[in-house]
Amino acid sequence: MALLKGTLDVLVLKTLSWAPMHAFEITTWLESRSTGRIVVDDAALLQALHRMEERKLIAAEWGITKNGRRARYYKLTTTGRAHLRAESERLVDHFDALTSVLESKKA
């Protein structure tokens, strides 16, 4: 399933709230937690990571993966954690409103 516009950033921030990860780990975590219903496009993820790094929502540093490869590891910043909290509340409220409309049994 394609991601709804504006949700990738908050999903990545939620992923990074558990631990620092590199891009492949982020994608794997999201696909696993959504039981395969969310598929993350590599290019979209990299654009989101760069965008959030510029906004100081995440920080990155080079590290070595379990396979011995060099990769950028991303971690949530204090600003990113506050943004995650605010955006999560906003999205949950929005989806709750959508659900109310879609489950309506009367005109």
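The phi-based Karplus calculation (6.51 cos²θ - 1.76 cosθ + 1.60; θ = phi - 60°) puts the 3J(HN,Hα) values of the stretch 54-68 at 4, 7, 6, 7, 9, 10, 10, 8, 6, x, 10, 6, 4, 8, x Hz, whole numbers, x for Gly and Pro. Summing charges over neighbours of ILE64, with a neighbour being any other residue whose Cβ is under 14 Å away from its Cβ, gives +2 when K and R count +1 and D and E count -1. As a size descriptor, the averaged projected area of the C-alpha convex hull of the stretch 1-73 was calculated at 4.9 nm².
How about the stretch 10-107: which chymotrypsin sites (Phe, Trp or Tyr not before Pro) there lie in a loop by DSSP and see at most 14 other Cβ atoms within 10 Å? Could the numbers behind the result be given before it?
Numbers: sites: TRP18, PHE24, TRP29, TRP62, TYR73, TYR74, PHE95; in loops: TRP18.
Hits after loop and neighbour filter: TRP18.
May I ask you to derive the FRET efficiency for ALA44 and GLU103 from their Cβ-Cβ distance with R0 = 22 Å, giving the value to the nearest 0.05? Step by step, r from the Cβ atoms, then E = 0.15.
Accessible surface for the chain, divided over its residues, is 71 Å² per residue with a 1.4 Å probe. For the chain, the residue among VAL101, MET21, GLY6 whose Cα projects farthest onto the positive side of the dipole built from Cβ charges is MET21. For the chain, carbon and sulfur atoms together expose 57% of the accessible surface, with a 1.4 angstrom probe and every protein chain in place.
Once the piece of chain linking ARG33 and ASN67 is laid out straight, how much longer is it, given 0.36 nm per residue of separation minus the C-alpha distance between them? Each step should come with its number before you reach the end.
Details: separation 34, 0.36 × 34 = 12.24 nm, distance 2.27 nm.
Length gained, ARG33 through ASN67: 10.0 nm.
The values are calculated or read from the model by the stated rules, or taken from the named source; none is laboratory data. It should be emphasised that the depicted structure is a prediction, and the values quoted were computed from it without experimental measurement. Methodologically, a virtual Cβ is constructed for each residue, glycine included, from the backbone with ideal geometry; neighbour enumeration extends over all protein chains shown. Side chains are part of the model used for accessible areas, which takes the heavy atoms of the whole protein and leaves out ligands, DNA and RNA. Shrake-Rupley method; radii C 1.70, N 1.55, O 1.52, S 1.80 Å.
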